[in-house]
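Some notes on the structure that comes next.
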Amino acid sequence: MGRRLVLSTLSVVIVVVFLLGVPLGVAMRNGIESSANDSLRAEAQRLLNTVEVRIELGEKVDASALARLVSRDRSATVRLPGGENFPLGGPAPDEGNPLRVEMMGQHGEQVTVTESRARVTRQIRKAWLLILVEAFFAVATAGALAALQARSLARPLVDLAEAAERFGSGDPRRRRHRRSYGLPEVDRVADVLERRAERISRILAAERQFAANASHQLRTPLTALSMRLEEITMSDDMDAMRDEATVALSQVERLTEVVEQLLAQNRTPTAVAADVIDIDKIVSQQLDEWSVAFSKAGRGLQLVGVPNLTARATAANVSQILATLVENALHHGGGTVTIRTRTVGGSVVIEVTDEGGGVSDALGHRIFEAGVSGGESTGRGLALARDLARADGARLELVQQRPAVFALFLAAPDYPDVIG
């Protein structure tokens, strides 16, 4: 594009220079020749006037006196009525077509002035050379300006091509903040591409977040379900197998709820109105799901506190939060894990604590940040649990570091939320 723009600009400038330069050169040539002829004519007129005056006064026409009226680079001839000739000035030019002016006087006298065309030719050549030099500089200047303009026009197009190539290669990240290109059409295209890049980036980020959340939220119930199925395969007691199968079915139902909740959040990120839930039912569900895992680890899992509590929240969210807290206590804590329920003011509080070493001081204030973990886990569970709590208008806090005590503050049925 840049080369084509430069060539087209140069072509236009060359045509314009030709259309203006040739007529200008012809006009200057004609002007130089006309000026030379006028000078010859004026000199011949002065010489003729002098001769006429001397004839009228009856004076003798003297060649030496007339010679002062003729320029050195010109030659002149004065012919008197009696036939006498007076050659004046320099030698007559020997070229075939010199400049020549002839004049006749009132008494029959004749004056002829000639000059070589060499001087006029030199002036015409200088004029043409000046026109050619000016034309060269005009073309060169136009070429330089065209190259700069082509570069300024090509730069935004190159940027747009790079952006389109990044989109095609699956990299929609926005580049550094760009300046206006000064071209409304190109600026508009660039703005559209940037908006599309931002939208694609948000979509990809949401998809990655969804995949990460789904993998984490599904891992816990799947782990508990796999343990239940192992117990069923290893048991010979039909009654025990029936009980384990019942619990496994309830875990499958919760797993289905988790999947439906994830899909609903991905389709509609807006908050859904919470319902009044039975706290004992949700906590008992967690006890049933994790009892096998704690038994295999030789540890206990118990429920204490105020019974028959209700709160305004989403059952699936509260179940997932408690599952995350219990799983963290299993993998990172020690001793018996206790789930305690109580009320504080207008909040229903569910606490999960264990008898382990707790949370370090360096990790305490960052425990809910995504990617922060004191072990080999992903560090996503507690961050996701806090997000789920906030989605219900609840609050998840680390209220004690040693031993670790995590508290979920839920809104009582008569209170809208507890976020503060």
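Going by average Cβ density within 10 Å per residue, which order do the peptides 397-407, 111-121, 192-202 take, highest to lowest? Don't skip to the end; give the middle numbers.
Values: 397-407: 17.5, 111-121: 19.2, 192-202: 13.7.
Put in order of decreasing packing, that is 111-121, 397-407, 192-202.
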Ala146 neighbourhood, Cβ < 13 Å, K/R = +1, D/E = -1, net charge +3
Between Ala161 and Arg3, the two model label points (7 Å from Cα along the beta-carbon direction) sit apart by a distance in nm of 1.2 nm
Residues other than Ser11 with Cβ under 13 Å of its Cβ, Lys/Arg counted +1 and Asp/Glu -1, net out at +2
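How big is the charge dipole of the range 66-168 about its Cα centre, in debye rounded to the nearest 20, if each Lys and Arg gets +1 on its Cβ and each Asp and Glu gets -1 on its Cβ? If you can, show how the numbers build up before the last one.
Values: 13 positive and 11 negative charges, 45 e Å.
The calculation lands at about 220 debye.
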Cross-link reach from Lys296 to aspartates and glutamates, straight Cα distance under 16 Å and at least 8 residues apart if same chain, gives Glu230, Glu231, Glu244, Asp288, Glu327
Sorted list, accessible surface of protein heavy atoms, 1.4 Å probe, largest first, for Glu289, Glu102 is Glu102, Glu289
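The values are calculated or read from the model by the stated rules, or taken from the named source; none is laboratory data. Just so it is clear, the structure is predicted and the values come from calculations on it, not from any experiment. Here Cβ is always computed from backbone atoms with ideal geometry, including for glycine, and neighbour counts include all displayed protein chains. Just so you know, the surface numbers come from the protein's heavy atoms only, side chains and all, with ligands and any DNA or RNA stripped out. Shrake-Rupley method; radii C 1.70, N 1.55, O 1.52, S 1.80 Å.
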